[in-house]
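Single-structure report; data block below.
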Amino acid sequence: MSQKQPTFTMTMQLGIVVPDLEVAVRAYEEQYGIGPWEVMAIGPENAEHVLVDGKPTEWRSRIAMTMVGDVMWELIEPQDENDMFGRFLAQRGGIGGVHHVAVRTPDFRQTLADQAARGRRSTLSGTFTGIEVHYLDSAPDIGVILEVFSGMPGE
């Protein structure tokens, strides 16, 4: 019996939705020693070909990123109460929490094709700061969205 190779080989990022980016960054730094954080805006200037549920959209969010060991932590402040992050925040009573986990896959295109063959769509896709990303529709099965990257900045 041959053993199947894993589809995902490394955890790359935790995506955490927060109601207020500055308050969250301060709490992570002062209360838990996690940081320093790089804060940036995501919008048309650095996000291209963005699709939400297969439909083109102009995406905006504010994020902060830091590395904890080999894993990037991304804090996301929704800019629209009706986008996926705003709805997630509302569903959690405004508290926020882990929204997605980004994982490395040895074959980005094959992983997307395999998911499509299973009838799974990308709930969000696009190119953000030069990296193609897809949020897989995995939450109904495993309770969290898996995000796959085409690579990491600087690789």
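The values are calculated or read from the model by the stated rules, or taken from the named source; none is laboratory data. Note that the coordinates shown come from a computational prediction; the quantities given were computed from them, not determined experimentally. A quick note on method: Cβ atoms are made from the backbone with ideal geometry, for glycine too, and the neighbour counts reach across all protein chains shown. Side chains are part of the model used for accessible areas, which takes the heavy atoms of the whole protein and leaves out ligands, DNA and RNA. Shrake-Rupley method; radii C 1.70, N 1.55, O 1.52, S 1.80 Å.
Residues that are polar (S, T, N, Q) and surrounded by 15 or more Cβ atoms within 10 Å (Cβ to Cβ) do occur in region 77-91. If the condition is being among the aliphatic types (A, V, I, L, M) and surrounded by 14 or more Cβ atoms within 10 Å (Cβ to Cβ), then region 1-26 contributes 12, 14, 16, 17, 18, 21, 24, 25. Among the residues of region 27-60, just one is under 23 Å from residue 111 (Cβ atoms), in a loop (DSSP other than H, G, I, E, B) and open to solvent by less than 50 Å² (accessible area, probe 1.4 Å), namely 59.
A residue that is part of a strand (DSSP E or B), out of contact with any Asp or Glu (no Cβ under 7 Å at 6 or more places or on another chain), aromatic (Phe, Trp, Tyr) and surrounded by 13 or more Cβ atoms within 10 Å (Cβ to Cβ) occurs somewhere in region 120-142. The lone criterion from (1) touching a Ser or Thr at 6+ places or on another chain (Cβ under 9 Å); (2) charged (D, E, K, R); (3) not in a strand (DSSP E or B) left unmet by residue 87 is number (1).
Yes or no, residue by residue, for (1) touching an Asp or Glu at 6+ places or on another chain (Cβ under 7 Å); (2) of a type in the set (Val, Ile, Thr); (3) part of a strand (DSSP E or B); (4) modelled with pLDDT of 90 or more:
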residue	(1), (2), (3), (4)
112	no, no, no, yes
116	no, no, no, yes
147	no, no, yes, yes
152	no, no, no, no
